[in-house]
Each structure stands twice: as C-alpha cells, then as structure tokens.
Amino acid sequence: MNWKKIHENWNLFVRKYNLKDESKENNYFYGKQELYRASEVFEGFNIYYENKFNKSAEIGSSFRVGNRLAIVSPIEASHKWTLKVEKNSLWKRLFNSSDKSKIEFSDPEIKEYLPLEEIKNIATFFPDLRLSVKEFNKHQNQYIKYGQNVFMIQTKYQPKELEYLTKPREVMISVLQKLKENEFINSI
C-alpha cells in the first residue's frame, strides 16, 4: 500500500469537510500504526471518524491486519429497534446471485429510509462493509460512553482513494438525516 497516498487522502478529507483532526502515530518494535482520527458536528450529530493503518516492517503483514475504518455517531433511538447491513458470505453470493447483501432490521419501515444504492456502491470499495445500530462496547472512543447506542459504518479495508472516505461519510449523513426526519433517532 502507498502510505504517503493514504496520508495525503486523509489530510484532504479533513480539509474538505473542515473536520477537527486528532491524528497520531504509535510506534511498535515491529512497525508503526497510524491512527487517523477526526470529528465533526453535523446537524446536532457528533460524528467520529477513525482510520487505523498498520505500517509493518514485515512484508505483507499490514494487509488488513489491524486496519480499520470506522465512522460512528452516538444516537438516541425513539424506540427499541435494530439495524444491520453487511455483505453476504461468498457461498450465499455464489448460490443466490440476487442477494448480495444481508439486511436485518426490526422495524420494516427503516428499509425505506436507507440509501441502498449508495450502500451497494461503497460496498464495491469495501467488500466487508458493515452498517449497524448497536451498543458501543467493543471499539472504545473517549467521547462515547460504554453502552451508548451508535450508528456505525465499519470495514477492515484501507481506503485507497479520497472517494473511499467521502462516500461512506455521505451515506452516514444521509442515513442520519432520514432517520431523524422520520423520528427514529435523535442526536445526543
């Protein structure tokens, strides 16, 4: 991977949307880990971006190991509901060509407010793309309390182009706006 290009794309992304940048670097005996972090407030929603990227000294060991792109926004749900969108397994895609993604939700009305075409579009960049509403407990963030409900977009693939950062942001904002307009969520 081109580390310099990833760094330049992150800086362009931060400047383009005027994000608050909190990036840093961790040094380990086997290499470095870049922690690209930024945040913004959009229409009352706090949105946190985190892009972890391992720069390992060993050839091939930085390929999707320890890498992660996550976009997270704390939300308050108007009632108890769930949402999970992820790509189907390879076997399900081979034998059922019509269903490329698995969409699980507890309220059928939510599907109307999801930009499914945009989600399919960014899934071409990130084969393991996952969107979900869940309690925030696995991946900690200093600004989000344990057990808080969040809307999250995540992948282990490294965004190689600026578009790979901007498109998930657009999906995140679109979903937040539509769910808020239809009174499914409130900002914290």
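The values are calculated or read from the model by the stated rules, or taken from the named source; none is laboratory data. No experiment lies behind these values; they were computed from the predicted model shown. Here Cβ is always computed from backbone atoms with ideal geometry, including for glycine, and neighbour counts include all displayed protein chains. Only protein heavy atoms, including side chains, enter the accessible area calculation; ligands, DNA and RNA are left aside. Shrake-Rupley method; radii C 1.70, N 1.55, O 1.52, S 1.80 Å.
Residue farthest toward the positive end of the dipole of region 3-187, with Cβ of Lys/Arg at +1 and Asp/Glu at -1: which of 126, 44, 176?
126
On average, how much area does the Cα convex hull of the chain cover when viewed from any direction, in nm²?
Working: hull surface 45.7 nm².
Across all orientations, the chain yields a mean hull projection of 11.4 nm².
How many Å² of accessible area per residue for the chain, probe 1.4 Å? Before the final figure, lay out the partial values.
Numbers: 10570 Å² over 188 residues.
Here the per-residue accessible area is 56 Å².
Which longest uninterrupted range of the chain lacks any GluC sites (Glu not before Pro) assigned by DSSP to a loop state (not H, G, I, E or B) and surrounded by at most 11 other Cβ atoms within 10 Å?
On the way: sites that count: 43, 58, 183.
It works out to 59-182.
Considering only protein heavy atoms and a probe of 1.4 Å, how much of the accessible area of region 3-187 is carbon and sulfur, as a whole percent? Don't jump to the answer; show the numbers that get you there.
Values: 5020 of 10270 Å².
On region 3-187, the fraction of accessible area on carbon and sulfur atoms equals 49 percent.
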